[in-house]
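Novice: Would you mind keeping the following structure in view while I ask a few things?
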Amino acid sequence: GSNKKVALSIVEAFTGADDSTPIPVRDVEDVLRLEYRSKLLNPKWTEAMLQQGSGGAYEVSQRFTAMVGWAATSDVDNFVFEQAAERYALDARVAKQLRKSNP
């Protein structure tokens, strides 16, 4: 197998009264960076998910699964994996709560 990079862009479109506004096209790496910082690596989001019980544990699990999948197809920064490990697996309190919510 070759290690060729496949270009991927994300378009988020929401229309309103003024459809003349250009719709931004973003590189997937930029979208992922924003997504991980605003959700998975955000301490407030983590706490909100812990308070949700099994639903929050499921959401965290889904984001980890997506992160691994995206890493297989695009450039996911190492800091994402390192900080996610610190925040969820290596933080004894968080890991305990996740195991309790999703045995």
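The values are calculated or read from the model by the stated rules, or taken from the named source; none is laboratory data. From a predicted model like this one, the values you see are computed outputs, not experimental measurements. Cβ coordinates were reconstructed from backbone atoms using ideal geometry, including for glycine residues, and neighbour counts include every protein chain displayed. Surface areas here come from the heavy atoms of the whole protein model, side chains and all, with no ligands, DNA or RNA. Shrake-Rupley method; radii C 1.70, N 1.55, O 1.52, S 1.80 Å.
Novice: Given the criterion among the hydrophobic types (A, V, I, L, M, F, W, C) and touching a helix residue (DSSP H, G or I) at 6+ places or on another chain (Cβ under 7 Å), identify the matching residue among Ala71, Ala57.
Specialist: Every option except Ala57 fails the conditions.
Novice: Out of the residues in segment 16-38 that are part of a helix (DSSP H, G or I) and open to solvent by less than 70 Å² (accessible area, probe 1.4 Å), which is nearest to Ala84 (Cα to Cα)? Reasoning before the result, please.
Specialist: The first filter runs over segment 16-38 and keeps only residues part of a helix (DSSP H, G or I), leaving 28-38.
Still in the list and also open to solvent by less than 70 Å² (accessible area, probe 1.4 Å): 28-29, 31-33, 35-36, 38.
On the way: Val28: 19, Glu29: 17, Val31: 17, Leu32: 14, Arg33: 13, Glu35: 13, Tyr36: 9, Ser38: 13 Å.
The residue in question is Tyr36.
Novice: Have a look at Ser61, Ser20, Ser74, Ser54 and point out the one that is farther than 17 Å from Ala95 by Cβ and touching a residue at least 40 places away in the same chain (Cβ under 8 Å).
Specialist: From the options Ser61, Ser20, Ser74, Ser54, the qualifying one is Ser74.
Novice: For segment 64-102, name all the residues that are acidic (Asp, Glu) and touching an Asp or Glu at 6+ places or on another chain (Cβ under 9 Å).
Specialist: Asp75, Asp77, listed by residue number.
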